[in-house]
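The values are calculated or read from the model by the stated rules, or taken from the named source; none is laboratory data. The model shown is predicted, which means the values in this text are computed figures rather than measured ones. Glycine gets a Cβ as well: all are built from the backbone with ideal geometry, and neighbour counts include every protein chain shown. All accessible areas refer to the heavy atoms of the entire protein, side chains included, with ligands and DNA or RNA removed. Shrake-Rupley method; radii C 1.70, N 1.55, O 1.52, S 1.80 Å.
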Amino acid sequence: MVLGIGASINRGLLRQVIVSTISQLSVFVTGAAYCWFEPLTLRLREDPNFMMTSEEVSWLIAVVEIGAASSPMLAGYLSDRYGRKYVILSVGPMCLVGWVMALLWKNVWILGVMRLLHGMAIGVGFTVAPIYTAEVADPKLRGVLSGTFMTAMYAGSLFVFCIGPYLSYDIFGYACLPVPIAFTIMFMFCPETPYFFLMNGKLEKAKEVLMYFRDSKNVDEEIAQMKAAVEEETSGSSSWRTLFFDKGERKAFIIVNIVCIAKYMTGMPVIANYAIETFSKSSSSLSPEEMSIILMVLLTGIAILASFLSDWFGRKPLLLISCFGCFVAHLFSGLYYYLHEKTSYDSPPWMLYLGIALYCFCSDIGLGPLLQTLLGEMFGASTRGLANGITEGLAAVWSFSALKSYSPVNEAFGIYLNFWFYSGIAFVSGVVLWIMLYETAGKTIGEKEDKIDKSPS
């Protein structure tokens, strides 16, 4: 365990922050893996070792989502059986092996295998890291600590966007190798969560971990509440039956998957993976590489701010602002590209800058960080891993659909239609969430609406 951290009065709080941050480094690693291919796309089409076609590039960008769809269910199961910690630890070795493969064997097929492996790591990190953070955090801090998830994701993406365009293929690969190694070494010394120990009947270990994360050694009341919740949530029906036949769990599952659709089908994966290509078709005075770096700086910076907002303002208001804000932002960006591609009007670059900046802000304060927050706090102990696994698997399906459809729509109609489609998804999602979503800020993990009972329908 990471014992001895924090000598101040609030040493428990400091430990929560440090350990949660280390766990979120798994997301930094997967963020770098997810966007690693983007800075290379234009160059690899002309590299004699690869000579890729547009179709091959499209598949290599999208195939990461096949890997991401294959691992969440297994990751959720293994996290319940062997622990959150050890499943998260697997992220580092998977990403490391992928980069080593890309350096040793330079051809399209090996890159495809590497992208599949990195996709599996992404599925694991996105499924289990939010559970780990939610289960070690105090309810009043859960929004802030869970909100660092997207900050870590964007920071990893920013890392590869900043160095990728300016380094050779080999040096770029070598520069990425220390990242998963550093994460794996640091996280090895972090503790397991008290919820996992309680799920396995290890009360004393759960108390020991909880005392480590709290300022007081008297955690009997909190551990009793956790124990009662775990016993209630793990008794009776199987996790599958509970998730789909318990009214509260079923509604929570529907809500998080609406948020999931909104997050990925409003263009977030496309903007990250096709940034350079998209910006190359604009009339901006900045280079596509510079525009891409600015995009990631905006997303990372706003994500840091957003991590403090969900506990202050609540999940529901921020998600509604996010959905309707993305609706307006993509409507504006689509208008820029429509005028640029389909008319003789010389659309000014500020229209694109405004649309992208508004999208960065609106997506970052709600849809970006809060899906993982909701996944970590809306479900009971017996369904949390299963719900996260299914949702992250579906997230990969939505993301793959968005990535694979981008180029055909772009070539057949124009970039503007992609942005207007994202705009429509954001608007519909906002309306549905306005009707269905209930507030979870400050509640204990798995706590449902008062009006929703726990009995099977």
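One table, with the values for the structure above:
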{"item": "Accessible carbon and sulfur surface of the range 366-435 relative to its total accessible area, %, 1.4 Å", "result": "80"}
{"item": "Part-to-part distance (alpha-carbon centres) for the range 336-414 and the range 151-166, which is given in Å", "result": "18"}
{"item": "Tilt relative to the chain, helix 108-136 - C-alpha long axis, 0 to 90 degrees, to 10", "result": "40"}
{"item": "The chain - accessible surface per residue (Å², probe 1.4 Å)", "result": "38"}
{"item": "GluC sites (Glu not before Pro) within the range 21-56, DSSP loop, no more than 10 other Cβ atoms inside 10 Å", "result": "GLU46"}
{"item": "Separation of the PHE413 and MET188 label points, Cα + 7 Å toward Cβ, nm", "result": "5.2"}
{"item": "Share of carbon and sulfur in the accessible heavy-atom surface of the range 74-191 [1.4 Å probe, %]", "result": "79"}
{"item": "Among (1) 5, 21, 32, 25, 13, 4, 1, 0; (2) 4, 18, 27, 25, 16, 8, 2, 0; (3) 3, 11, 11, 9, 8, 8, 8, 8, 9, 8, 7, 4, 2, 2, 2, 1, 0, the entry that matches P(r) over Cα pairs in 10 Å bins from 0, in percent as calculated here", "result": "(1)"}
{"item": "The chain, helix-only ellipticity at 222 nm - DSSP H runs n ≥ 4, -39,500 (n - 2.57), divided by all residues, nearest 500", "result": "-24500 deg cm²/dmol"}
{"item": "Förster-model FRET efficiency, 25 Å R0, ASN107 and LEU74, C-beta, rounded to 0.05", "result": "0.30"}
{"item": "Extension gain (nm, one decimal) between GLU208 and TYR82, 0.36 nm per residue minus Cα-Cα", "result": "43.5 nm"}
{"item": "Computed over the chain: relative contact order in percent, which uses C-alpha pairs under 8 Å that are six or more apart", "result": "25"}
{"item": "Separation of alpha-carbon centers, the range 192-221 and the range 34-76, rounded to whole Å", "result": "42"}
{"item": "Summed side-chain charge close to GLU192 - residues other than GLU192 whose Cβ falls under 11 Å, Lys, Arg +1, Asp, Glu -1", "result": "+2"}
{"item": "The chain: angle of helix 288-306 to the longest principal axis, Cα-based, in degrees nearest 10", "result": "20"}
{"item": "Solvent accessible area, Å² - LYS202, 1.4 Å probe, full protein context", "result": "90"}
